[in-house]
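Before any comments, here is the structure.
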Amino acid sequence: MQALPRRRLQRALASAATYEEWRTAAEALDRSEGLWAWRSEDPSPYYDHILLRRQLEQLRELRQSGVVSPLISLLQESLYRHLSDLGTQELYGSARSGTKFLIHDYLTEVETSLQHLAGMPERSFPKKEKLKGFRQAERVFGRPALMLSGGGAFGIYHLGVVKALWEQGLLPRIISGSSMGAIVAAGVCARDETELAAFFAHPEHLYRTAFRWQRPSKLLSERTLCDQDQLLHHIVRNVGDLTFLEAYKRSGRMLSITVSPNRARQKPRLLNHITTPELTLAHAVLASCALPVLYPPVRLQRQTVQGQRVPYAPDETWIDGSVCSDLPKMRLARLANVNQFIVSQANPHVIPFIPPPKPRPLVPPARQALFAMAKANAVELLTFVRQTSQGLFWPPVLDHLVALLRQEYLGDLTIHLPFKPLLYRKLLSNPSLEEVQHYIRLGEQAVWPHLCRLRDRTLVSRTMQEIVATLSQSGADPSGTSDQSA
């Protein structure tokens, strides 16, 4: 008798049109399968529930007592001790609707305690000391970033990922993109909140014609298969014609775009409003989409003080960011103090090999082991061929292949496009409105199961960032700046 309701709930979960519908079905399924009881029970081998319960009670007592220094000390000790454990996948892989209630209670108390400290009167905790302390804590804990991979037409899926995060107030203020991910990232970071709401509400307004095959007369002269002018037109229509600094001032979000070098002994570049504020978004995105064979390399452009557009580093050209640096984690961590990487992965050569969140015993580990061995052997073979083929016409191609294979394509939390072989025939095509809506829906549905973990993992950094912004605006910052440039 219970099988029929369970199947009905599974269908409701799969067909949910909103996160609220998905969450209702997920909670009902968890209750029907006994997982709600699992959430109510504290013990688990993946965290110290006894210590967490004790420190939760201590935080509550200290907050209610109104003391400052002991509460700050306990927060520092407790967060350092527990945060690494509380974000593990194992604690979020049992129930669909969330993890242990004890963990949610603890994190809620941490948030309440931080807000309590921020709101204490001047005589107990001066504003300047608060701002200094919270800024220091924010630097220590770091910030989350969203990284959008390449993927050709598959990258439209990123729109659904961003939309789902934005609707829940969980969209990081640091966003990077490569190739198609650069188009989506730039489109988001070039809009303020009102424009972003309209952007998501009306996907029919997106300009969808990015691909146009090269005319036969240009195939031999340009030696590329696709019309780059059409791609640039598509980018300008959807992103606009701003510089990195102008986009940052407009949205308050830090946009970073990766481009790969087109010659030896050069490194990939991470372009944003800190490293290259005067660069134009359109040509940076165009360069990040310049996949060899399909499109020619691109010279970047910058805007002068007089408003003129001139070449940037005119002796250098750049190609697709995914070739050498699809996910620039190390550089973004150093530049923007990022400590958590949320990856939206849509690369066609990556998604078939991403392991499922709940793998079957033996089969996925064996598949992953075989894939790792094949990848390592391929890198060794290509490296050997590259070293022994100096002076031939093909070493640049080999360089790109080695760079592709050596990269790490996953993050601390990876949200990926489901592997659907039939979609591959659409990889290099202009999508219809129905296909755009389908990709967006796939992105939203992929995010929903991760929202609880995302909310918990980013709660401390989000709370601290909000407190720093509020204290800065209230006059606690004598410089008048909020220090939110990254």
At 1.4 Å probe size, with no ligands or nucleic acids counted, give the accessible surface of residue 140 in Å², nearest ten. 80 Å²
Reported to the nearest 10 Å², residue 47 has, with a 1.4 Å probe, an accessible area equal to 20 Å²
Could you give me the percent of Cα pairs per 5 Å distance bin for the stretch 82-157, shortest bin first, beginning at zero and ending with the bin that holds the maximum distance? 3, 11, 13, 15, 14, 14, 12, 9, 5, 2, 1, 0
From the gyration tensor of the Cα coordinates in the stretch 110-198, what semi-axes in whole Å does the equivalent ellipsoid have, largest first, with each one equal to sqrt(5λ)? 36, 14, 11
Value of relative contact order over the chain, rounded to a whole percent, pairs C-alpha under 8 Å and six or more apart: 20 percent
If packing is taken as the average number of other Cβ atoms within 10 Å across a peptide's residues, how do 31-44, 317-330 rank, most packed first? 317-330, 31-44
Under 28 Å from the Cα of residue 163, which lysines turn up, not counting those fewer than eight places away in the same chain? 100, 249, 329, 358, 420, 426
Let me know the Kirkwood hydrodynamic radius for the stretch 141-193, please, with Cα pairs as the basis and the value in Å to one decimal. 11.2 Å
Based on C-alpha coordinates, I'd like the Rg and Dmax of the chain, in Å. 24.3, 80
Go ahead and run the numbers for FRET between residue 441 and residue 122, Cβ-Cβ distance against an R0 of 51 Å, rounding to 0.05. 0.50
P(r) of the stretch 209-353 over all Cα-Cα pairs, binned every 5 Å from zero, in whole percent: 2, 9, 16, 21, 22, 16, 9, 4, 1, 0
Assigning unit charges at the beta carbon (Lys, Arg +1; Asp, Glu -1) and nothing else, what dipole magnitude in debye, to the nearest 20, does the stretch 216-354 show about its Cα centre? 380 debye
For residue 128, the aspartates and glutamates lying under 20 Å Cα to Cα, once residues fewer than eight places off in the same chain are dropped, come out as 138, 466, 477, 483
Pairwise Cα inverse-distance average, inverted: Kirkwood Rh of the stretch 228-304 (Å): 12.8 Å
Could you estimate the translational diffusion coefficient of the stretch 123-276 from the Stokes-Einstein equation, with Rh from the Kirkwood formula over C-alpha pairs, at 4 °C and 1.567 mPa s, in whole µm²/s? 73 µm²/s
Heavy atoms of the protein only, probe of 1.4 Å, neighbouring chains included. What is the accessible area of residue 104 in Å², nearest 10? 40 Å²
Can you report the principal axis dimensions of the stretch 121-167 using only the alpha carbons, biggest first, rounded to whole angstrom? 57, 22, 11
On alpha-carbon atoms, Rg over Rh for the stretch 1-137 using Kirkwood Rh? 1.11
Cα shape, the stretch 404-461, gyration tensor, a/c 1.5 rule: oblate
Count the DSSP beta bridges whose two residues both fall in the chain, then state the antiparallel fraction as a percent rounded to the nearest 5. 40 percent
Dipole of the chain (Lys/Arg Cβ +1, Asp/Glu Cβ -1, origin at the Cα centre): which of 422, 330, 121 lies farthest to the positive side? 422
Dipole check, the stretch 103-219, charges on Cβ (K,R +1; D,E -1), about Cα centroid: among 216, 175, 197 the Cα furthest to the positive pole belongs to 216
Rounded to the nearest 20 Debye, what is the dipole magnitude of the chain about its Cα centre when Lys and Arg each give +1 and Asp and Glu each give -1 at the C-beta? 760 debye
Peptides ranked, highest mean first, by Cβ atoms within 10 Å: ranges 284-294, 443-453: 284-294, 443-453
Can you give the relative contact order of the stretch 1-86 as a percent, counting alpha carbon pairs under 8 Å and 6+ residues apart? 19 percent
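The values are calculated or read from the model by the stated rules, or taken from the named source; none is laboratory data. Predicted model, so just to flag it, every value in this text is computed and none were measured. In this analysis, Cβ positions are derived from the backbone assuming ideal geometry, glycine residues included, and neighbour counts consider all displayed protein chains. Each accessible area value is taken on the protein alone, full model and side chains, heavy atoms only, with ligands, DNA and RNA left out. Shrake-Rupley method; radii C 1.70, N 1.55, O 1.52, S 1.80 Å.
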